Amino acid sequence: MEIRFIQHKNWNAGQAITMLFVTVIMAVMSGALATMPEIAKERAIFHRERSAGLGVLPYILSKLHLALMLALYQSLVLLICMVLAVNIPQVNNILIGMYCSLFLASFGSMVLGLLVSTISPSQSVAPLLTIVVLVPQVVFGGGILPVNEFHTVGQAINQVMLTKYPFETLVSMTELGADVADDPCWQKTKQKNKTLSKVELAKCNCYEQEVFNKCEFPGIGKVKKTLSLNADLLKVRLLIQGIFDSYGDIFSVNVYESWLSMLKIIGGMTLILFLCQFIKG
């Protein structure tokens, strides 16, 4: 049987999700911290060059070009670390997809760092402002506290977090909960499942007794079997239910739509970056 990335039955689903979110956090934090001083430290030089005819657009583009190169390198390093840490089969272009998600997270955070550097009154204040904008990326990213547990305001903030979309695409691309997402029984309520026939239940690979043979959800392999099949099935359902209730919505997301959302956020920050630098310049 082919073992897909973090979908091995002996894995811990919660730890797998945490690992993916921490990887995204590392990309965002290191990216923002890398570009945070770039503009603030050159403010006096920029004003002098500005008086000599330097335009705001070429200056910002030069910083974005630097950020682009750094993001390409940083994303590769993070992906290599993941490859060395866990088994990632090279199927369905998963490595390319993961690299794209990490790149967008890295580049977006570097644009955020440049924006903080622009609005910062001095180079010494820039690190403090960077921490202020990075904390929400952790709190509202959806990896520590699931999105469905946020209040209305928290869910709105989640929509514009740089950590949200890379995290969700990584979870989806790794197929961590693909079997559960495709299982018809997990899309119905417990009451409706009780009314299903044996033929219909037989199609549910992650709900009935076939769960031990056909379901690849992480953690099932660690469930100790007893002489009672019903007791064993209850343990598995509780295991899956705990993760499904919190992160079931991101088991199967549209990766391309998530990438597009990331590009929109990056584009919006770039526009604000240019306007702020133009006003201050």
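The values are calculated or read from the model by the stated rules, or taken from the named source; none is laboratory data. What you see is a predicted model, and the numbers here were worked out from it, not measured in a lab. Counting neighbours? That spans all protein chains shown, and the Cβs are built from the backbone with ideal geometry, glycine included. Heads up: the accessible areas ignore ligands, DNA and RNA and are worked out on the full protein's heavy atoms, side chains in. Shrake-Rupley method; radii C 1.70, N 1.55, O 1.52, S 1.80 Å.
Here are the numbers for this structure:
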quantity: Computed [θ] at 222 nm, helices only, for the chain once each DSSP H run of length n ≥ 4 contributes -39500 (n - 2.57); calculated: -20500 deg cm²/dmol
quantity: Per-pair calculated FRET efficiency, R0 = 35 Å: Lys280 and Val153 via Cβ, rounded to 0.05; calculated: 0.70
quantity: Any cysteine of the chain lacking a neighbouring Cys Cβ under 4.7 Å - listed by number; calculated: Cys81, Cys100, Cys276
quantity: Accessible surface of the range 238-281 [probe 1.4 Å, protein heavy atoms]: carbon and sulfur percent; calculated: 68 percent
quantity: Whole-percent carbon and sulfur share, accessible surface of the range 125-197, 1.4 Å; calculated: 66 percent
quantity: Structure-derived Cα Rg over 2.2 N^0.38 Å: which label, when the choices are [x] 1.21; [y] 1.12; [z] 0.92; calculated: [x]
quantity: Accessible area per residue in Å² at 1.4 Å probe, computed on the chain; calculated: 51 Å²
quantity: C-alpha long axis of helix 164-173 to longest principal axis of the chain, angle in °; calculated: 40 degrees
quantity: Among 16-27, 42-53, 120-131, the order from most to least packed when residues are scored by Cβ within 10 Å on average; calculated: 16-27, 120-131, 42-53
quantity: Cross-link pairs beyond the 23 Å C-alpha cut-off, checked among Lys192/Lys235; Lys190/Lys214; Lys192/Lys224; Lys194/Lys214; calculated: Lys192/Lys224
quantity: Given charges at beta-carbon only (K, R positive; D, E negative), |dipole| of the range 219-281 in Debye; calculated: 280 debye
quantity: Mean Cβ neighbour count within 10 Å, used as a protection proxy, ranking 137-148, 222-233 highest first; calculated: 137-148, 222-233
quantity: Difference of contour (0.36 nm per residue) and Cα-Cα distance, Lys198 to Lys264; calculated: 19.0 nm
quantity: Distance between the range 224-278 and the range 54-83 - C-alpha centres, whole angstrom; calculated: 26 Å
